[in-house]
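Presented below is the structure to which this report refers.
The values are calculated or read from the model by the stated rules, or taken from the named source; none is laboratory data. Only a predicted model underlies this, so the values are computations on that prediction, with no experimental measurement involved. Cβ placement follows ideal geometry from the backbone for every residue including glycine, while neighbour counts extend to all protein chains displayed. Calculation scope for accessible area: heavy atoms of the full protein, side chains included, ligands and nucleic acids excluded. Shrake-Rupley method; radii C 1.70, N 1.55, O 1.52, S 1.80 Å.
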There are 2 protein chains.
Amino acid sequence: MIAPLDRSRPEPLADQLAAAVIAWIEARGAETAAGAALPSIRRLAAETGVSRNTVVEAYDRLVAEGRILSRPGVGFRVAPPAAPLPPAAPDPGGVAAVADRVWRLYDDRPALLRLGGGRLPDDWHDTTDLARAIRRVTREGGRALIDYGTPLGEPRLRRLVAQRLARLSVPVAEDRVMLTTGASQALDVVIRALTRPGDAVLVEDPGYHNLFGLLRLQGVRMVAVPRRADGPDLQALDAAAAASGARLFVTNGVLHNPTGSTTTPQIAHGLLTVAARHDLTIVEDDIYADFEEGSPAVRLAALDGLDRVVMVGSFSKPLSSALRVGYVAAAPSRMRGLVDVKMLSSVASSRFAEQVMAVLIETGGLRRTAEALTRRLARQRAALLPALRRAGWRLFAEPRGGMFVWAAHEDAADARLLVDAAAARGIGLVSGAVFRPGLEEGAWLRINIAAAADPRARAFLKDPLG
Amino acid sequence: MIAPLDRSRPEPLADQLAAAVIAWIEARGAETAAGAALPSIRRLAAETGVSRNTVVEAYDRLVAEGRILSRPGVGFRVAPPAAPLPPAAPDPGGVAAVADRVWRLYDDRPALLRLGGGRLPDDWHDTTDLARAIRRVTREGGRALIDYGTPLGEPRLRRLVAQRLARLSVPVAEDRVMLTTGASQALDVVIRALTRPGDAVLVEDPGYHNLFGLLRLQGVRMVAVPRRADGPDLQALDAAAAASGARLFVTNGVLHNPTGSTTTPQIAHGLLTVAARHDLTIVEDDIYADFEEGSPAVRLAALDGLDRVVMVGSFSKPLSSALRVGYVAAAPSRMRGLVDVKMLSSVASSRFAEQVMAVLIETGGLRRTAEALTRRLARQRAALLPALRRAGWRLFAEPRGGMFVWAAHEDAADARLLVDAAAARGIGLVSGAVFRPGLEEGAWLRINIAAAADPRARAFLKDPLG
């Protein structure tokens with residue numbers, strides 16, 4: 001009944017067999033065939049002269065495709081014809097029409113050069129160490145593959161995070177570290193644990209767009225504190241805290257997104273003094289730590305001993321955003337609330353991903369990868385910054401490392417002109433308005449230093465409106 | 001300077017070398033050694049007669065442990081002695097003291113028999129297919145390893161979800177499916193997108209404890225609708241919707257947690273009629289779909305065509321909670337809001353995990369695993385239910401499948417008696433109060449059918465207060 005297979009053809013036998021079964025079903029007409037029994041695995045193997053494994057493989061694929069059904073104890077049967085999947089909805093209000101400015105940078109169009117994007121280009125990533133670590137954890141198997149992590153996350157990785165923080169002079173025991181599904185979940189958990197709708201929260205302007213979105217989602221009132229080249233504007237912070245009654249300030253001190261600036265030790269100390277005056281809790285977003293060049297900058301959490309500072313970090317930037325591993329470090333008194341929110345919103349983070357990250361740290365893979373990327377970024381930046389200045393770009397700060405430079409062009413008082421000009425040349429930029437809590441338009445843009453090395457980017461940056 | 005290695009010892013040479021470097025540092029005194037240059041990789045390899053790779057491995061481990069520093073272009077140096085990590089905080093308000101009833105079931109004590117737990121015992125899981133799928137995705141490499149997914153999630157897996165839903169007569173195009181970090185994130189995203197603080201939301205009583213926590217976190221008011229053996233109590237639903245003005249009802253129709261009951265077609269139809277009367281949106285939590293026995297139950301989303309129903313699902317239950325892959329299916333008009341919340345709170349889900357899950361479905365691994373577990377659960381249940389009845393347990397409903405039975409014992413009007421008696425015998429139960437939106441204590445307990453097969457559980461269930 002099933003057509004014979006042809007071993008001289010290049011297609012694998014399982015593919016041929018699956019196609020032959022479909023041909024048999026379609027020859028009978030899917031409607032009339034529905035429910036008909038298919039030969040047992042043993043019989044079909046004998047009939048067609050292939051191994052039983054090949055039959056299992058072919059049947060499994062057809063089950064996955066919904067062409068046949070497997071009924072325990074009964075065997076395989078022809079599936080009733082599925083109602084065709086509805087076509088993608090044409091409505092203009094749906095997802096297909098979503099084209100907000102941030103989204104465009106996450107989409108899957110490979111042709112777009114993400115000059116305004118937040119990640120390293122794909123071809124900068126070497127996945128050798130990562131693949132090796134995944135293979136090792138998979139080989140060790142066991143609970144890493146099947147189980148939730150514990151509420152705080154895998155102890156082995158928490159210990160490594162504590163050591164990492166100790167090297168930044170942030171003293172923290174491993175039970176003061178909670179692992180999260182990337183730094184995004186960490187920020188989300190911290191906001192949900194530490195704020196209530198209607199609260200005022202101090203944020204940097206410009207700052208991290210997803211943070212602003214999370215705060216809006218929580219229904220809090222954002223109060224902007226200008227970001228300077230040396231850190232947050234302390235006078236403005238002092239005045240905003242007094243006027244708003246805010247009790248929380250979120251800051252991205254090291255290699256700040258989007259400006260690339262790093263808070264100086266003096267501003268860091270002053271910031272904690274202002275915070276003490278207004279009893280502010282500070283969330284220190286430290287996700288670019290792996291891209292620092294030279295000696296590490298002073299962390300607020302180091303000066304403060306994690307008293308009023310809650311620190312958020314990540315391993316995603318140099319290695320992999322696909323793994324989604326981040327962390328929060330906080331004082332004992334705050335941990336209970338943080339863990340509760342994490343458990344409610346995700347039960348636990350991925351033990352598998354946490355084990356992989358632990359192996360990558362223990363074997364030096366993270367260090368090697370981060371160092372190589374940091375050196376490459378430094379080289380690109382050394383070439384890029386003078387070229388930008390020559391081409392009429394004004395730079396907000398001289399970045400000490402990292403992926404971003406915040407720039408404005410003398411010929412474009414409105415950055416949207418540049419965004420449109422770039423789009424016409426297949427280059428994705430986002431207007432700096434995205435990085436402002438009030439979405440105010442202006443002259444500034446974030447430029448991704450890695451993407452700027454592409455010849456299309458170089459040509460555009462040299463003469464953006466030409 | 002570094003002590004010679006002994007090839008006759010069983011320890012790997014890299015371990016011996018790392019130990020020898022530490023011995024050298026400690027012989028000099030960590031304080032005085034700090035900053036001292038270590039031999040180059042080439043020199044140390046020559047001195048000790050090991051390969052350069054062995055030296056790199058030893059140095060990498062010492063860098064990861066914080067004993068030595070790597071400075072690009074300079075080489076390896078002895079690290080300054082780290083401030084000792086602070087000891088675990090003794091304060092009783094901290095995380096170490098957290099022992100709320102749900103948490104206990106997630107902890108890492110291997111000796112505890114989780115008779116009240118929500119998962120299958122570790123030894124029920126066969127990770128062969130999962131490990132194979134991970135290896136395949138790792139071998140294919142590329143963006144799966146390094147990159148965020150797209151906002152909706154990996155198209156390949158969304159297509160498979162759409163096919164899965166089509167087999168349940170839920171018509172959905174793949175662009176109406178959003179992948180999430182487990183069903184937990186799916187529920188969280190749905191709640192945040194569809195409710196505002198102060199809203200009233202209808203929930204099942206008893207129901208899923210994490211859902212109640214998420215709703216509390218969002219600041220909404222929960223209105224309880226009694227769950228019966230055949231589904232939600234429709235008269236109570238009607239009255240509660242009218243009295244509260246709620247616009248959202250969350251229900252776990254198939255293999256309901258904690259009662260094991262499944263909504264009948266008649267109640268499903270009636271539920272949608274009540275929903276239409278009050279213009280309710282319904283969240284249908286379908287995470288136990290893989291454990292159904294026989295023909296699938298009627299889904300609300302199938303009757304309603306995903307008009308007012310938002311469906312939440314998962315692949316975690318049979319396979320792996322470590323992967324964290326779930327999904328939401330919804331009408332086009334709702335997708336934009338859902339995707340926005342997902343992007344804000346996590347940027348994206350794990351493309352790696354999504355690829356692994358796609359491979360597991362395409363190769364039949366999910367089907368095989370789910371079928372084997374479902375058969376095993378059916379056998380256990382067939383033995384357990386009569387034994388429970390003989391031992392004086394009253395059952396809320398006769399489960400059609402799944403992991404749970406909801407039971408009360410004739411000798412314990414307060415389930416806490418049973419929880420304490422079980423704890424004294426190394427068995428973890430949770431009082432049914434955890435599954436009630438108002439946390440009311442009562443006689444009911446959730447029993448995990450898989451864990452009940454353990455001899456300790458059998459002895460306890462036979463004579464719980466003896």
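Starting from the Kirkwood Rh over alpha-carbon pairs, what translational D in µm² s⁻¹ does the stretch B:234-369 have by Stokes-Einstein at 4 °C and 1.567 mPa s?
This corresponds to a translational diffusion coefficient of 79 µm²/s.
Pulled fully out, how much extra length does the chain show between residue B:372 and residue B:279, if you take 0.36 nm times their separation in residues and subtract their Cα-Cα distance? Please report the intermediate quantities before stating the final value.
Numbers: separation 93, 0.36 × 93 = 33.48 nm, distance 4.09 nm.
Stretched out fully, the residue B:372 to residue B:279 stretch lengthens by 29.4 nm.
In nanometres, what is the gap between the two model label sites at residue A:9 and residue B:37, each 7 Å from Cα along Cα-to-Cβ?
The two pseudo-label positions are separated by 6.7 nm.
Near residue B:342, which lysines are there with a Cα under 19 Å away, not counting those fewer than 8 places off in the same chain?
Correct list for residue B:342: A:342.
Calculate, for residue A:19 and residue A:463, the FRET efficiency according to 1/(1 + (r/R0)^6) with r their C-beta to C-beta distance and R0 41 Å; round to the nearest 0.05.
Rounded to the nearest 0.05, the efficiency is 0.15.
Would you calculate, for the protein assembly as shown, the mean residue ellipticity at 222 nm contributed by helices, counting each DSSP H stretch of 4 or more residues as -39,500 (n - 2.57) and dividing by all residues, to the nearest 500?
On the way: 34 runs with 388 residues, N = 932.
The helix-only estimate for the protein assembly as shown comes to -12500 deg cm²/dmol at 222 nm.
Which three extents, in whole angstrom, do the alpha-carbon atoms of the stretch A:128-363 cover along their principal axes, largest first?
Taking max minus min along each principal axis of the Cα atoms, the stretch A:128-363 gives 57, 39, 28 Å.
Per-residue Cβ counts within 10 Å, from other chains only, averaged over B:51-57: what number is that? If you can, show how the numbers build up before the last one.
Working: counts 0, 0, 0, 0, 0, 3, 2.
Rounded to a whole number, the mean comes out at 1.
Any idea of the total accessible area buried by the A-B contact, 1.4 Å probe, rounded to 100 Å²?
Numbers: alone 21580 and 21590 Å², together 34940 Å².
When A and B are taken together, about 8200 Å² of accessible area is lost.
Which of the aspartates and glutamates could a cross-linker span from residue B:462 if the Cα-Cα distance has to be under 13 Å and same-chain partners fewer than 8 positions apart are dropped?
Once the sequence-local aspartates and glutamates are set aside, what remains near residue B:462 is B:410, B:411, B:454.
Taking chain B as the reference, fit the longest principal axis to its C-alpha atoms, fit the long axis of helix B:265-278 to the helix C-alpha atoms, and give the angle between the two in degrees, 0 to 90, nearest 10.
Tilt of helix B:265-278: around 90 degrees.
Taking the stretch A:343-390, which trypsin sites (Lys or Arg not before Pro) meet the DSSP loop condition and have no more than 13 other C-beta atoms within 10 Å? Intermediate values should be presented prior to the final figure.
Numbers: sites: A:351, A:367, A:368, A:375, A:376, A:379, A:381, A:389, A:390; in loops: none.
The qualifying sites: there are none.
Taking 1 over the mean of 1/r across every pair of different Cα atoms in chain A, what Kirkwood radius in Å do you get? Could the numbers behind the result be given before it?
Details: mean 1/r = 0.0394 Å⁻¹.
Across chain A, the inverse of the average 1/r is 25.4 Å.
Let me check I have the definition right: for the protein assembly as shown, take the eigenvalues of the Cα gyration tensor, multiply each by 5, take square roots. What are those semi-axes in whole Å, largest first? Please list the in-between numbers first.
Numbers: eigenvalues 419, 218, 213 Å².
Listed largest to smallest, the semi-axes of the protein assembly as shown are 46, 33, 33 Å.
What is the packing order of peptides A:220-226, B:119-125, taking the mean over residues of other C-beta atoms within 10 Å and listing the highest first? Intermediate values should be presented prior to the final figure.
On the way: A:220-226: 19.3, B:119-125: 16.4.
So the order, starting with the most tightly packed, is A:220-226, B:119-125.
In the stretch B:279-367, which GluC sites (Glu not before Pro) fall in coil by DSSP and have 13 or fewer other Cβ atoms within 10 Å? Kindly include the intermediate steps, with their values, before the conclusion.
Working: sites: B:284, B:292, B:293, B:354, B:362; in loops: B:293.
Sparse-neighbourhood loop GluC sites (Glu not before Pro): none present.
How well do other chains shield peptide A:347-359, expressed as the mean number of their Cβ atoms within 10 Å of each residue Cβ?
Working: counts 13, 6, 4, 11, 5, 11, 6, 1, 1, 1, 0, 1, 0.
Across A:347-359, the average partner-chain Cβ count within 10 Å equals 5.
Straight-line reach from residue B:317: which lysines fall under 19 Å, measuring Cα to Cα and dropping same-chain residues less than 8 apart?
Hits, sequence-local ones excluded: zero.
Percent of accessible area on chain B owned by carbon and sulfur, 1.4 Å probe?
With neighbouring chains kept in place, the figure for chain B is 53 percent.
Would you mind listing the distances between the residue B:243 label point and the same position in each other copy? Use 7 Å along Cα-to-C-beta, nm, one decimal, shortest first.
Ordered by distance, the counterparts are at 4.8 nm.
Give the calculated FRET efficiency between residue A:126 and residue B:303 to the nearest 0.05, with a Förster radius of 45 Å applied to their Cβ-Cβ distance. Mind showing how you got there, number by number?
On the way: r = 51 Å, r/R0 = 1.13.
Step by step, r from the Cβ atoms, then E = 0.30.
Report, as an integer, the average count of C-beta atoms from other chains found within 10 Å of each Cβ along A:335-344. Write out the running numbers ahead of the final one.
Working: counts 6, 7, 0, 1, 3, 6, 3, 0, 8, 14.
Other-chain Cβ atoms within 10 Å of each residue's Cβ, averaged: 5.
Largest first and in whole Å, give the semi-axes of the stretch B:330-466's equivalent ellipsoid, each being the square root of 5 times a Cα gyration tensor eigenvalue. Walk me through the numbers on the way to the answer.
Details: eigenvalues 269, 95, 39 Å².
Calculated on Cα positions only, the semi-axes equal 37, 22, 14 Å.
Would you mind listing the distances between the residue B:197 label point and the same position in each other copy? Use 7 Å along Cα-to-C-beta, nm, one decimal, shortest first.
Spacings between copies for this position, smallest first, are 0.7 nm.
Answer with one residue from A:134, A:452, A:418: the one whose Cα lies farthest towards the positive end of the charge dipole of chain A, charges on Cβ with Lys, Arg +1 and Asp, Glu -1.
A:134
Among residues other than residue B:436 whose Cβ falls under 11 Å from its Cβ, what is the net charge (Lys/Arg +1, Asp/Glu -1)?
Computed value for this residue: -3.
In what sequence, highest mean first, do A:197-207, A:340-350 appear when ranked by Cβ atoms within 10 angstrom? Before the final figure, lay out each step's value.
Numbers: A:197-207: 21.6, A:340-350: 25.2.
Result, highest mean Cβ count within 10 Å first: A:340-350, A:197-207.
Apply 1/(1 + (r/R0)^6) to the Cβ-Cβ distance of residue A:230 and residue A:336, taking R0 = 30 Å, and write down the FRET efficiency to the nearest 0.05. Don't skip to the answer; put the middle values down first.
Numbers: r = 36 Å, r/R0 = 1.19.
That gives a FRET efficiency of 0.25.
If Rh is defined by the Kirkwood formula over all Cα pairs and Rg also comes from Cα, what ratio Rg/Rh do you get for the stretch A:13-78? If you can, show how the numbers build up before the last one.
On the way: Rg = 10.9 Å, Rh = 11.7 Å.
Reported Rg/Rh, Kirkwood definition of Rh: 0.93.
Cα atoms only: what Rg and Dmax, in Å, come out for the stretch B:121-198?
Reported Rg and Dmax, both Å: 16.0, 49.
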